[in-house]
C-alpha cells in the first residue's frame with residue numbers, strides 16, 4: 001500500500017508501519033537525525049500533500065526512519081524530508097536540497113525488493129563544455145588544452161563526419177567562410193578545409209593533448225556513430241569516452257556493436273516519459289551508463305533514483321557557483337560548464 005493511500009484513507013498524518021506491511025523502504029529519509037543519530041522516531045513526510053508528492057516524484061514506496069514498534073506522525077509537514085525530493089512547497093524558486101538529505105543509519109536488508117545501490121563517494125567529473133568556452137572559441141585546440149591545464153578532468157565537444165569521412169569537432173552542421181560569410185556544409189567539406197577554418201578533428205585532439213581524461217562527445221550527426229567508436233579504440237580510451245545522444249534508439253544501436261564505450265542519454269526532462277523510475281530501468285536494461293539533464297532538472301531524490309539503477313547522473317549548463325554547489329550536495333556524478341576555474345574549484349572542494 002502506498003503512503004499516500006494510507007494517509008488519505010485515514011484522514012490523518014500519522015501512519016503505522018504495520019499498515020505498510022513492514023516492507024523495507026525503497027527510499028530512506030532521516031532528515032531530523034541529531035549528531036549522534038539517537039532519535040529513533042524523528043523524521044516523517046506526514047501530511048497528505050507531502051506524502052502524495054513524494055510517492056509521485058519517486059514512483060517508489062516512501063517510508064521514514066522510526067521505531068518499528070510505535071506510531072509515527074506529527075501535525076506539521078516535514079520540510080527537510082520533502083525537500084529531499086524537491087517538492088515545490090519546500091524549495092520554491094531555488095535549486096538543490098539541504099546537505100545530506102539522503103544520509104541515514106545503516107539501511108535495512110530488503111530481501112523482497114532491490115534496494116538503492118550503495119555507491120562509493122567519488123569526485124564528480126568536471127567536463128569543460130566545448131573546451132574552455134569562457135576563455136577560448138568553441139571546440140578549439142587552445143581551448144581544450146587550456147581546460148586540461150586548469151584542472152578539468154574531462155572535455156566536452158560536438159562531432160560531425162566530414163566529407164572525407166573524418167570525425168570533426170564542431171557544434172553546427174554549417175559554417176560561414178570568407179568575408180562574405182559563404183555557408184559551408186560540414187558533411188560536404190573535407191577535414192583539411194575545415195581545419196583551415198579552425199575546426200579540429202578528433203585525431204587532432206588526441207594528437208594535441210592525448211587521451212588521459214574523460215571525453216564527452218555529442219553525436220550531432222548519425223553518420224559519426226561508428227567512426228567515433230573506431231577512433232576511440234584506435235587512438236583514445238573507450239572506457240573514458242562518453243557518447244551523448246538524445247535518441248534511445250540510436251543508443252541501443254550503438255550498444256549492440258560497442259560494449260566498450262560509455263553511453264549517455266542526453267535530453268530534457270519534458271521529453272522523458274512520466275515515470276522516471278521506468279526510464280531509469282529502461283536505461284539499465286539497454287546498458288546505458290548515464291542520464292544527462294539540465295542542471296535545474298535534478299534533485300537529490302531524482303539523483304538517488306537513477307543511482308538505484310546504477311545510472312550516473314550528469315548535469316549540463318552548470319555555470320554559476322551556487323548551481324555547482326547545489327549539484328555537489330545532490331550527489332551528481334558529472335557537471336558541464338563553460339567556466340573551468342570556478343567548476344574545478346567547486347568540484348575539488350566538495351566534501
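Considering the stretch 208-347, its Cα convex hull presents a mean projected area of 8.6 nm².
For each of 144, 309, count neighbouring Cβ atoms within 10 Å of the residue's Cβ, then give the residues from fewest to most. Mind showing how you got there, number by number?
Details: 144 27, 309 19.
Starting with the residue having the fewest Cβ neighbours, the order is 309, 144.
With the biggest extent put first, the Cα atoms of the stretch 125-251 measure 40, 36, 25 Å across the principal axes.
With a simple spin-label model that places each label point 7 Å from the Cα along the Cα-to-Cβ direction, the separation between residue 190 and residue 317 comes to 3.9 nm. At full extension, residue 174 and residue 253 could sit 25.8 nm farther apart than now, given 0.36 nm per residue minus the alpha carbon distance. A Förster distance of 45 Å, applied to the separation of the beta-carbon atoms of residue 286 and residue 182, puts the FRET efficiency at 0.60.
Panel order for 190, 237, 221, by other beta carbons found within 10 Å of each beta carbon, from fewest to most: 190, 237, 221. With neighbours defined as other Cβ atoms within 10 Å of a residue's Cβ, the residues 244, 211 order from fewest to most as 211, 244.
With an 8 Å Cα cut-off and a minimum separation of 6 or more residues, compute the relative contact order for the stretch 122-196 in percent. Walk me through the numbers before you get to the answer.
Values: 119 pairs, mean separation 17.2, N = 75.
Over the stretch 122-196, the number comes to 23 percent.
Label separation (residue 268 vs residue 348): 3.5 nm, computed from points 7 Å beyond Cα along the C-beta direction. Once the Cβ-Cβ distance of residue 123 and residue 212 is raised to the sixth power relative to R0 = 22 Å, the FRET efficiency obtained is 0.90.
Each value in this text was obtained by applying a stated rule to the coordinates, not by laboratory testing. These figures come from a predicted structure and were not determined experimentally. No Cβ is skipped: glycine too gets one built from the backbone with ideal geometry, and neighbour counts run over all protein chains shown.
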